Amino acid sequence: MNHGAMNRVGTIRLIVIVGLVGTLELLIRADVIPRRTILPPSEMAEALANLLASGKATQDIVQTLTCVAAALVSSIIGGFGVGVLIHRVPRLRRALDPFFATYYAVPFFIFYPVLIAIFDLSLLPIILMGFAFAVIAMTIATLNGLDRVPKVMAKVARVHRMAGFDTALRMKLPAAAPHLFTGLKLCVAYSFIGVIASEFILAPSGLGHAIAYAYNDFDNRTMYALMLFVLVVVITANMILHGWEQRLLRRWQGR
Amino acid sequence: MNATAKRSFDILLVLVALFVAWQALYHVVGDTALTSPLQTFAYIGELFTTKSERFAAHAWETGRAFLLALALSYAIGMSIGILLGAHRLSGAVGEPILVALYSLPKVTLYPVILLVFGLGLSAKVAFGAIHGVIPVAIFVMNAIRHIKPAYLKTARTMNLSPWQTVATVIVPATMPEIVTGLRVGFSVTLLGVLIGEMFASKQGLGFMVMNAINLADVETMMAVAVLLFAAAAIANGFLLWLDHRLHRRV
Amino acid sequence: MAPNPVHARLSGVTRVYAAVAGYRPVHALGPVDLELRHGEFFSVVGPSGCGKSTLLEVMAGLQPPSEGTVEFEGKKVAGEVPDGVGVVFQEDASFPWLTVWDNAAFGLRRAGMDGAEIERRVGDALAFMGLKDFQQAYPAQLSGGMRQRVCIARTLVLQPRLILLDEPFGALDAQTRLLMGDEVLRLWRRTGATILLITHALDEAAMLSDRVGVMSARPGRFLDLVETNWPKDRDSTIVSQAGFGAVTARLWHHLRGESMKAMGQSAPAPAGA
């Protein structure tokens, strides 16, 4: 697609999104949708600005983002490391394949209470849920990426007499990078989902907990402000990753 | 030993290793937090016999919500997918939006759903549906976009009616990818329903598990969790087999 | 001439791929005896699947021989690629995540060479391969022929004494191939290295080499070693010389039968002797 067509599609998309949000705003202000159910988007934004300024949500925000970061870093490193190791042992990989295929089909969130029973109600079960959700996506993406490293690259590494670890770092990692990027995007999404869903279900504090608390307290303003915050953070993170990936792909594939 | 037998044996080894790890964890952590594999399976047996009435009530509640949510996910997801797949401009505009929605923690929207639907069955169905609609839509959309133009041209040269084209060309051509989408939709819809039950319900298997932890009833907690786990794994196993069979034909 | 005229040697080398999951073992190569003279340009031609690439990889140390020995500069080759051996592969092995410059500098940086020397060698090699204007470009922005030149430059900077080329121009169109052939000759004269070129193109082998080895169908063995006696300063215009047709005819004389064997048919009696 040429750039002219891309811009046209992008513009239409922007119009569609603005249109939907605008329609929602109008319907609420016209009382077609009652205010006790949902606030107009403009008021949500206002409530968020006030909330951030007052600093009341700061601790929850910091806690949630810390948990997400912990889950993210551990799942990226763990997932990549395990992926590299499994890739070297084809027999192990073949045996583990059905488990990988089934992993995201089973509701392992159901084990969250078990984690709480083991570790008590702290941040650890929350981080572990985020980790559990994200790590396998990274492992699968690593395996797929390493599969697609052209065999000739390994031969070039040997011609240059590179040691094993050096080969992994300077050859396999960059060569598998496009696939690893897919894993990275999933890791970010799943870390957020894992942490926030856990905070919803049962947590001492954090954004998920704060939203549930506000809901139970009939405090719609705070609730929607926090929801908006989460949505904005996640969408921004995705857009940054997407932009980075596009730049990488353009350079690699000469698009 | 031929290759398939070897592989089955290896898979069995991994399963055994998992059970051993479970048992070891039980020894480390103790009775207050876990039950051993044997105890868990014994209790599962009890759920189906002596405690069956209570269990059946909750299971039925979850099952009901899940099946309704699944029907909605499939119906709405396929409609959106077909529309975006067939109409190029809509597809180009809509795809990034769908993909962005896929990675959102939709659990963040649960309170809105509760406000709209109140506590109860319809809220749970909505939880499941908002999770399942998106992957179904994405896969169906891609399946239709990926139909080889050569197939459609062939249908025209044979003067097939629109109905015939859909039934004999489009459906078989898109079936494998659509089934993959239905499989993914199945899992996330179940996840959505269960999370909803864990956080805002007084009935259902998700509630059963959360309630058990509040009562420090480790046996129920483990038994129901393992049961759900196994049921989902088996269902997915079947759908995967179906998926592979269809993909092998293509 | 160097004291020992033999630069690399294969003695009684065979290569058998072991049986894997339902497949029988494959006797891919040999037994093969070959002596490469210092500074010669040696090509190997043969039908598809005869083991030419296997021969190259065994000589490079990328694969171990099942029987026999491989020697380079008097020392046995075992398990790793010896220092002083460069290899250019058929597939595009340029690293898409590095610029042309970084691609060329890759091996030197790995070897821990100092910066100024790297600058010098890389600049030299890129200029020699005609890539000076593309130093900061990425491989994705270049044509197939240029990417192969990047791979050659990457090998050049290591100053190899033996250069192995495995059908390096297989993926290129015919005109580019002929030009790249001239490039390899320039490379050969400039570096004074010994060259082993694997190719399926008879005219390429005939025009570039001092000697051409003709391999049989699998398992590959040398049927003939053809000396061309070309002058050292040759280029692709040599095709117009009288001897060229004779060389190509001799190569095809052997290869026709072997190629048909490789295709699963037996050779019919040649028409009119």
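The values are calculated or read from the model by the stated rules, or taken from the named source; none is laboratory data. Fair warning: this is a prediction, and the values are worked out from it, not measured in the lab. Every residue, glycine among them, receives a Cβ derived from its backbone with ideal geometry; neighbour counts consider all protein chains shown.
Among the residues of this structure, A:Gly194 does not count as one that is part of a helix (DSSP H, G or I), more than 14 Å from chain C (Cβ to nearest Cβ) and more than 28 Å from B:Pro111 (Cα to Cα). Among the residues of segment A:160-191, the ones that are more than 9 Å from every other protein chain (Cβ to nearest Cβ) and part of a helix (DSSP H, G or I) come to 17 in all.
Would you mind stating whether A:Val156 is under 23 Å from C:Leu62 (Cβ atoms), out of contact with any strand residue (DSSP E or B) (no Cβ under 6 Å at 6 or more places or on another chain), of a type in the set (A, V, I, L, M, F, W, C) and surrounded by fewer than 20 Cβ atoms within 10 Å (Cβ to Cβ)? Against the criterion (under 23 Å from C:Leu62 (Cβ atoms), out of contact with any strand residue (DSSP E or B) (no Cβ under 6 Å at 6 or more places or on another chain), of a type in the set (A, V, I, L, M, F, W, C) and surrounded by fewer than 20 Cβ atoms within 10 Å (Cβ to Cβ)), A:Val156 does not qualify. Among all residues of segment A:226-245, there is at least one that is within 14 Å of chain C (Cβ to nearest Cβ), exposed (fewer than 15 other Cβ atoms within 10 Å of the Cβ) and over 29 Å from A:Phe108 (Cβ atoms). Residue selection: C:Gln141 fails the criterion of being surrounded by fewer than 20 Cβ atoms within 10 Å (Cβ to Cβ), modelled with pLDDT of 90 or more and in contact with a helix residue (DSSP H, G or I) (Cβ under 7 Å, 6 or more places away or on another chain). Exactly one residue among B:Leu215, B:Leu227 is under 11 Å from A:Val106 (Cα atoms) and out of contact with any His (no Cβ under 6 Å at 6 or more places or on another chain), and that residue is B:Leu227.
Note on segment C:67-105: residues that are within 13 Å of chain A (Cβ to nearest Cβ), buried (at least 21 other Cβ atoms within 10 Å of the Cβ) and not in a loop (DSSP other than H, G, I, E, B) total 8. Any residue that is without any contact (Cβ under 8 Å) to a residue 40 or more places away in the chain and among the acidic types (Asp, Glu) - is there at least one of those in segment A:231-250? No; the residues of segment A:231-250 include none that is without any contact (Cβ under 8 Å) to a residue 40 or more places away in the chain and among the acidic types (Asp, Glu).
Consider segment A:105-124 and keep the residues that are touching a residue at least 40 places away in the same chain (Cβ under 8 Å) and within 11 Å of chain B (Cβ to nearest Cβ). The one that is nearest to the chain's Cα centre (by Cα) is A:Phe109. Can you find a residue in segment B:174-186 that is of a type in the set (D, E, K, R), over 30 Å from A:Phe218 (Cβ atoms) and either within 14 Å of chain A (Cβ to nearest Cβ) or in a helix (DSSP H, G or I) (or both)? Yes, some residue in segment B:174-186 is of a type in the set (D, E, K, R), over 30 Å from A:Phe218 (Cβ atoms) and either within 14 Å of chain A (Cβ to nearest Cβ) or in a helix (DSSP H, G or I) (or both). In segment A:49-87, the qualifying residues are those that are in contact with a Phe, Trp or Tyr (Cβ under 6 Å, 6 or more places away or on another chain) and of a type outside the set (Ser, Thr, Tyr), and the one that is farthest from B:Leu109 (Cα to Cα) is A:Ala71. Contact map, segment C:48-62: first residue within 12 Å of chain A (Cβ to nearest Cβ), second residue among the hydrophobic types (A, V, I, L, M, F, W, C) and assigned to a helix (DSSP H, G or I), Cβ cut-off under 8 Å, separation 6 or more or different chains; pairs are C:Ala60/A:Val159; C:Leu62/A:Val159. Against the conditions (1) within 25 Å of the chain's Cα centre (by Cα); (2) surrounded by fewer than 12 Cβ atoms within 10 Å (Cβ to Cβ); (3) away from every other protein chain (no Cβ under 11 Å), B:Ala5 satisfies every one except (1).
Give the residues of segment B:118-149 that are at pLDDT below 90 and within 12 Å of another protein chain (Cβ to nearest Cβ), sorted by residue number. Listed by number, the residues that qualify are B:Gly118, B:Leu119.
Scanning segment B:116-154 for residues that are surrounded by 18 or more Cβ atoms within 10 Å (Cβ to Cβ) and either of a type in the set (Lys, Arg) or over 22 Å from B:Ala71 (Cα atoms) (or both) turns up just one, B:Lys124.
When B:Ser73, B:Ser90 are checked against the criterion of being at pLDDT 95 or above and assigned to a helix (DSSP H, G or I), B:Ser73 stands alone in meeting it. Considering segment A:197-209, and only residues there that are part of a helix (DSSP H, G or I) and either basic (Lys, Arg) or in contact (Cβ under 8 Å) with a residue 40 or more places away in the chain (or both), the residue that is surrounded by the fewest Cβ atoms within 10 Å (Cβ to Cβ) turns out to be A:His209. Note on segment C:38-61: residues that are in a loop (DSSP other than H, G, I, E, B) and either at positive phi or crowded, with 21+ Cβ neighbours inside 10 Å (or both) total 7.
Just checking, does segment B:164-180 include any residue being of a type in the set (A, V, I, L, M), on the phi > 0 side of the Ramachandran plot and more than 15 Å from the chain's Cα centre (by Cα)? No, that holds for no residue. Scan segment A:210-222 and give yes if some residue there is within 14 Å of chain C (Cβ to nearest Cβ), of a type in the set (A, V, I, L, M, F, W, C) and part of a helix (DSSP H, G or I), otherwise no. No, there is no match, as no residue in segment A:210-222 is within 14 Å of chain C (Cβ to nearest Cβ), of a type in the set (A, V, I, L, M, F, W, C) and part of a helix (DSSP H, G or I). Residues in segment A:88-104 that are facing another protein chain (nearest Cβ under 7 Å) and aromatic (Phe, Trp, Tyr) were compared, and the one that is farthest from A:Ala134 (Cα to Cα) is A:Phe99. For segment C:193-246, a residue qualifies if it is hydrophobic (A, V, I, L, M, F, W, C), modelled with pLDDT under 90 and part of a loop (DSSP other than H, G, I, E, B), and the qualifying residues are C:Ala201, C:Ala217, C:Trp230. Going through (1) closer than 22 Å to A:Met153 by Cα; (2) among the acidic types (Asp, Glu); (3) assigned by TED's automatic domain parsing to the domain that holds C:Thr155 one by one, C:Glu80 falls short only on (3).
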